[in-house]
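One structure below.
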Amino acid sequence: MADTLKIGKMEFTSRLMVGTGKYPTNEIMIKALEAAGAVVVTVAVSRVNLDRRTESRLDHIDTRRYTLLPNTAGCYTAEDAIRTARLAREALDTAFVKLEVLGDEKTLFPDNEALLEAARVLVKEGFTVLPYTSDDPIMARKLEGIGCAAVMPLAAPIGSGLGIRNPYNIRIILDTIKVPVIVDAGVGTASDAAIAMELGCDGVLMNTGIAGAKDPVAMARAMNLAVEAGRLAYRAGRIPKKLYATASSPLEGMIE
């Protein structure tokens, strides 16, 4: 049975989104994207040559195969993020944007007030906005309320590899909003991705967890399998947790 990820008017066959930064070489990046099975890849607008006058990371991404998700990484004000999103739309001919407005250089936590401000403007301008936010259910509800197509709460600080630090907030967000919830930031290994999907998240976005691994291509494959397994387990419905044992072969109902 088809189990596609729907974001706004777009539909994707993979629930794993992958970044394109931090890879040792462009060749390894290409192989990792393929191993991940991703169909959506993110590019930091401020860190690639959009005009293509010199070699750009974009030259190595097959846009017939992958959907580009420009992101506003490195922006610390709503104005800068809005300007960067507009630049990406002009240069890449897409209104699809991962919106980041950072509030602190050390932790890279989002500035949620500025994020909400920027998202409101971009939604009105017709962008399909995927905001990177804290794991705050109230902010998630506000972002949905102004028309964001999905919400992307962090699992842990960007690049930390700490995994899902607060699964309870993620579960509350899932219960609070109806648009897709895509865990972004903090995933370090395959089990982290599986946990996110088992919670009921609609997808996972990662970069450092793959690009920073000793073998990025192998890790990309592992993440692909983990997302698939976690999603399948969520849809299958796990057994409830109990304090005491329950016999696998109960005696009740047996014929003597």
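May I ask for the angle, rounded to the nearest 10°, between helix 26-36 and the longest principal axis of the chain, with both axes built from Cα atoms and the value confined to 0 to 90°? The two axes meet at around 30 degrees. Computed with every protein chain present, the accessible area of Thr25 is close to 60 Å² [probe 1.4 Å].
For region 14-161, with all protein chains in place and a probe radius of 1.4 Å, 46% of the accessible heavy-atom surface sits on carbon or sulfur.
Pairs of Cα atoms under 8 Å, at least six residues apart: use those to get the relative contact order of region 92-235, whole percent.
Once normalised by length, the contact order is 17 percent.
Placing +1 on the Cβ of every Lys and Arg and -1 on the Cβ of every Asp and Glu, with nothing else charged, gives region 89-164 a dipole about its Cα centre of roughly 200 debye. Would you pull out the residues with amide H under 5 Å of Asn71's amide H, same chain only if 5 or more places away, H placed 1.01 Å from N? Residues meeting the criterion, in which the H sits 1.01 Å from N, are Val43, Ala44, Val45, Lys98.
Based on the Cβ-Cβ distance from Phe12 to Ser56, what FRET efficiency comes out when R0 is 35 Å, to the nearest 0.05? Please list the in-between numbers first.
On the way: r = 24 Å, r/R0 = 0.69.
Efficiency, rounded to the nearest 0.05: 0.90.
Across the protein chains, with a 1.4 Å probe defining accessible surface, the residues Thr189, Thr84 rank Thr189, Thr84 from largest area downward. Here the contact order of the chain, divided by its residue count and restricted to Cα pairs under 8 Å and six or more residues apart, works out to 18 percent. Rolling a 1.4 Å probe across all protein chains gives Ile172 an accessible area of roughly 80 Å². Comparing Cα centroids, region 71-146 and region 157-210 end up 18 angstrom apart. The phi torsions of region 90-99, fed into the Karplus equation with coefficients 6.51, -1.76 and 1.60 and a -60° offset, translate into couplings of 5, 7, 10, 6, 8, 9, 7, 8, 8, 9 Hz, rounded to whole numbers, with Gly and Pro shown as x.
Proximity of backbone amide H atoms, modeled 1.01 Å from N, is registered between Thr133 and Met152, Leu154 at under 5 Å, excluding neighbours fewer than 5 places apart on the same chain.
The label-point distance for Lys178 and Arg235, in a model that sets each label 7 Å from Cα toward Cβ, rounds to 2.2 nm. The phi-based Karplus calculation (6.51 cos²θ - 1.76 cosθ + 1.60; θ = phi - 60°) puts the 3J(HN,Hα) values of region 111-126 at 8, 5, 5, 5, 4, 4, 4, 5, 4, 4, 5, 5, 4, 5, 8, x Hz, whole numbers, x for Gly and Pro.
Stretching the chain fully between Glu34 and Thr246 yields a gain of 72.0 nm (0.36 nm per residue, less the alpha carbon separation).
Placing unit charges on the Cβ atoms only, positive for Lys and Arg and negative for Asp and Glu, gives the chain a dipole magnitude near 240 debye about its Cα centre.
With all protein chains kept in place, the per residue accessible area of the chain amounts to 52 square angstrom at a probe of 1.4 angstrom. For region 131-137, the Karplus equation 6.51 cos²θ - 1.76 cosθ + 1.60, evaluated at θ = phi - 60°, returns couplings of x, 7, 9, 6, 7, 9, x Hz by residue, with Gly and Pro reported as x. Compute the helix-to-body angle for 167-176: its Cα long axis versus the longest principal axis of the chain, expressed 0 to 90° and rounded to tens. Rounded to the nearest ten degrees, it is 80.
Summarising the label geometry, the points placed 7 Å from Cα in the beta-carbon direction at Arg65 and Arg47 lie 2.2 nm from one another.
Distance between the pseudo-spin-label points of Asp215 and Asp104 (7 Å out from Cα toward the beta carbon): 3.7 nm.
In the chain, a dipole from Cβ-located charges (positive for Lys and Arg, negative for Asp and Glu) runs towards its positive end, and of Ala245, Met223, Tyr66 it is Tyr66 whose Cα lies farthest in that direction. For region 158-256, a simple Cβ point-charge model (Lys and Arg +1, Asp and Glu -1, everything else neutral) yields a dipole of about 160 debye relative to the Cα centre.
The values are calculated or read from the model by the stated rules, or taken from the named source; none is laboratory data. Because the structure is a prediction, the values reported are computed rather than measured. No Cβ is skipped: glycine too gets one built from the backbone with ideal geometry, and neighbour counts run over all protein chains shown. To get the accessible areas, we keep the full protein, side chains included, count just its heavy atoms, and leave off ligands, DNA and RNA. Shrake-Rupley method; radii C 1.70, N 1.55, O 1.52, S 1.80 Å.
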